[in-house]
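S.K.: Pasting in a structure now, in structure tokens, and then I'll have a few things to ask.
What follows is calculated from the coordinates using simple rules that are stated; it is not laboratory data. The shown structure was predicted, so the numbers you read here are calculated from the model rather than taken from an experiment. Methodologically, a virtual Cβ is constructed for each residue, glycine included, from the backbone with ideal geometry; neighbour enumeration extends over all protein chains shown.
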Amino acid sequence: MTSIDRDFIDSLPKAELHLHIEGTLEPELKLELARRNGVDIGQSTVEQVRGTYDFTDLTSFLAVYYPAMEVLVTEQDFHDLALAYLRRAAADGVVRAEIFFDPQAHTSRGVTFSTVVDGLWSAVQEAASLGVDAGLIMCFLRDHSVDSARATLEASLPFRDRIIGVGLDSDERGNPPEKFAEVFADAKAAGYRLTMHCDIDQEQSITNIATVLHEIGVERIDHGTNILEDPALVAEAKERGIGFTCCPLSNSFVTEEMKGVEIATLLRQGLKVSIASDDPAYFGGYVGDNLAALTEAQQLTRAEVVQLARNSLEISWAEAERTQAWLRELEEIAAR
Ligand code: ADE
Ligand code: ZN
């Protein structure tokens, strides 16, 4: 048994950098929003909602995930969703949250871009009173067209000061990163920071990881543990300080295991690995649960758990001064 208790994990200031806000839609809130908006979701109890969570891989997960979003209609809905997450995050010691959102999953249903961003943004502002510094990262859906991504990028520009970066999510199969190379180049030129998903055990995982590093120029990779298949890429990612946002509980739902060995190996090789929760309402836990599960499974040392928190802060896109203050606080707690 590991001697690291949950209170220690929660006490460490940390950044959560891989969190889809739509994936924080807990069954209770889903039912409440369905009632509020008069949407018939086909279930009326929490157990029935959980009964729809029948997935074994990324594709089957996404088939449950996107339809659930139809309950999100008004600015207030997006605000309530984000604030509920931010409260949970604060309880886990999150001092910085960089929140993914999927505009196309909403604009494609007739919800305007401003409804989504205004609702999320008011929660981001309120989060300061919870002790969480939050930011928004807009993800393009990789199984939608390049034209749709470009239109989304253009729609975001009036909100440029509320969005720190862009990412790429949804189904990787048949949708390699180079499909979006130009859109990402334009996003970078507009001042956005870049990250992309390289999901676990995809048909072209290692090719896609090479592409995001060499052609797209991301600063972080979301998931990305398949990089271990190519030691030269591991060495390059280490040298460049590329951040990895790994999600053990998510991995255990969309593959057969949490990929704990891979995550711990990258960490022990000195890569900037951080831990996050991806879609916590679906994958059974928030960031503290993910850290605890990995710690237990891999018998991480106290120093390794602290290193995961340190990495998360170092690879965050927060203001440098804030990051330095959190890092000092982390070192004080670690030294106790
Ligand atoms: N959207 C929400 N969660 C995702 C994941 N883990 N991979 C790709 N797209 C996602
Ligand atoms: Zn994700």
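S.K.: Arrange 121, 326, 317 by Cβ neighbour counts within 10 Å, fewest through most, would you?
M.R.: Exposure proxy ranking, most exposed first: 317, 121, 326.
S.K.: Per-residue counts of other Cβ atoms within 10 Å, averaged by peptide: what ranking do you get for 262-270, 245-253, 52-60, 166-174, highest first?
M.R.: The peptides rank, most packed first, as 245-253, 166-174, 262-270, 52-60.
S.K.: Taking residue 238 as the anchor, which lysines have their alpha carbon closer than 20 Å to its alpha carbon, excluding any fewer than eight residues away along the same chain?
M.R.: Result set, ordered by chain and number: 259, 272.
S.K.: With only Lys, Arg, Asp and Glu charged, each at its Cβ (+1 for the first two, -1 for the last two), find how big the charge dipole of segment 91-197 is about the Cα centre; round to the nearest 20 debye.
M.R.: Rounded to the nearest 20 debye, it is 120 debye.
S.K.: Each residue of segment 249-256 in order: what ³J(HN,Hα) in whole Hz does its phi give by Karplus 6.51 cos²θ - 1.76 cosθ + 1.60, θ = phi - 60°, with x for Gly and Pro?
M.R.: Result, ordered by residue: 5, 4, 4, 6, 8, 9, 9, 7 Hz.
S.K.: Right, another one. Among the lysines, which have Cα under 25 Å from the Cα of residue 179 when same-chain residues fewer than 8 positions away are ignored?
M.R.: Result set, ordered by chain and number: 188.
S.K.: Determine, from the Cβ-Cβ distance of residue 56 and residue 125 and an R0 of 30 Å, the FRET efficiency 1/(1 + (r/R0)^6), rounded to the nearest 0.05.
M.R.: Step by step, r from the Cβ atoms, then E = 0.15.
S.K.: How would segment 46-151 be classified by its alpha-carbon gyration tensor: rounded, prolate or oblate, with rounded meaning a/c under 1.5 and the a/b versus b/c comparison settling the rest?
M.R.: Oblate, since a/c reaches 1.5 and b/c is not below a/b.
S.K.: Pull out the extension gain between residue 182 and residue 145, defined as 0.36 nm times the separation in residues minus the alpha carbon to alpha carbon distance; nm, one decimal.
M.R.: 12.1 nm
S.K.: Continuing with this model, one more query. Tell me, what HN-Hα J-couplings in whole Hz come from the Karplus equation 6.51 cos²θ - 1.76 cosθ + 1.60 at θ = phi - 60° for each residue of segment 74-91, using x for Gly and Pro?
M.R.: 9, 4, 4, 4, 5, 4, 4, 4, 5, 5, 4, 4, 4, 5, 5, 5, 4, 5
S.K.: Given the peptides 203-210, 216-223, arrange them by the average over their residues of other C-beta atoms within 10 Å, most packed first.
M.R.: Ranking, from highest mean packing down: 216-223, 203-210.
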